[in-house]
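Written below as structure tokens is the structure these notes are about.
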Amino acid sequence: GGRGGGRGGPGMKGGAKVVVVPHKHDGVFIAKAKEDALCTKNMVAGESVYGEKRVSVQNEDGSKVEYRVWNPFRSKLAAAVLGGVDNIWIAPGTRVLYLGAASGTTVSHVSDIVGPTGLVYAVEFSHRSGRDLVNMAKKRTNVIPIIEDARHPAKYRMLVGMVDVIFSDVAQPDQG
């Protein structure tokens, strides 16, 4: 232990070493700092999707890897991961049918997790949210936005045979 006044002099902020370690779920990471943060490897380095923080780590060979902080208060899936869920079934290379994609906050992290070899079919029926979703998908080649009513699965049923995982974040109107 000891004291070791951990304040850091002027200009410490940029140089603060953040260590990023793999989480037990493949494709999810933990940035170890004063406050540990859940994160995913940014598919589109240099871009935030919804104003989230980014963490850059330099490899031995000088290349950089960028991670995006995944806020559990903005994503049920992130909350589940932090809560210790056994398996999220979403991993690098998986194809996900994501129902209730909204403006794509969580979808962008799912896109990070499945990576360039995976795919996310992102279904959202509100056209207002759909606009953000479509814009996000322009930069992320592995996201296919589908602006349809998630309660009418016939419209996207043809996709179901093509996916490994179905993730539903749809509020049922009859939930009161």
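The values are calculated or read from the model by the stated rules, or taken from the named source; none is laboratory data. Nothing here was measured: the structure is a model prediction, and the numbers come from that model. Glycine also receives a Cβ, built like all others from the backbone with ideal geometry; neighbour counts cover every protein chain displayed.
One line per residue, one yes/no per condition, for (1) at pLDDT 95 or above; (2) among the basic types (Lys, Arg); (3) more than 15 Å from the chain's Cα centre (by Cα):
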position: Gly14; (1), (2), (3): no, no, yes
position: Asp26; (1), (2), (3): yes, no, no
position: Lys34; (1), (2), (3): no, yes, yes
position: Cys39; (1), (2), (3): yes, no, no
position: Val69; (1), (2), (3): yes, no, no
position: Ala91; (1), (2), (3): yes, no, no
position: Thr94; (1), (2), (3): yes, no, no
position: Leu97; (1), (2), (3): no, no, no
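Quick check, is Ala102 touching a Ser or Thr at 6+ places or on another chain (Cβ under 6 Å), assigned to a loop (DSSP other than H, G, I, E, B) and modelled with pLDDT of 90 or more? In short, yes.
When each of Gly46, Gly27 is tested for being in contact (Cβ under 8 Å) with a residue 12 or more places away in the chain, in contact with a Pro (Cβ under 6 Å, 6 or more places away or on another chain) and not assigned by TED's automatic domain parsing to the domain that holds Gly118, the lone residue that passes is Gly27.
The residue that is surrounded by the fewest Cβ atoms within 10 Å (Cβ to Cβ), among those in segment 61-78 that are in contact with a helix residue (DSSP H, G or I) (Cβ under 6 Å, 6 or more places away or on another chain) and not basic (Lys, Arg), is Pro72. Comparison of Val170, Val81, Val123 shows that the only residue that is out of contact with any helix residue (DSSP H, G or I) (no Cβ under 7 Å at 6 or more places or on another chain) and touching a residue at least 60 places away in the same chain (Cβ under 8 Å) is Val170.
Yes or no, residue by residue, for (1) touching a Lys or Arg at 6+ places or on another chain (Cβ under 9 Å); (2) surrounded by 23 or more Cβ atoms within 10 Å (Cβ to Cβ); (3) not hydroxyl-bearing (Ser, Thr, Tyr):
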| site | (1), (2), (3) |
| --- | --- |
| Gly83 | no, no, yes |
| Trp89 | no, no, yes |
| Ile113 | yes, yes, yes |
| Thr117 | no, no, no |
| Ala122 | no, yes, yes |
| Ser129 | no, no, no |
| Lys139 | no, no, yes |
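Scanning segment 52-75 for residues that are touching a residue at least 40 places away in the same chain (Cβ under 8 Å) and assigned to a strand (DSSP E or B), we see that the one that is farthest from Val28 (Cα to Cα) is Val65.
Within segment 27-46, restricting attention to residues that are of a type in the set (D, E, K, R) and not in a loop (DSSP other than H, G, I, E, B), the residue that is farthest from Val69 (Cα to Cα) is Lys32.
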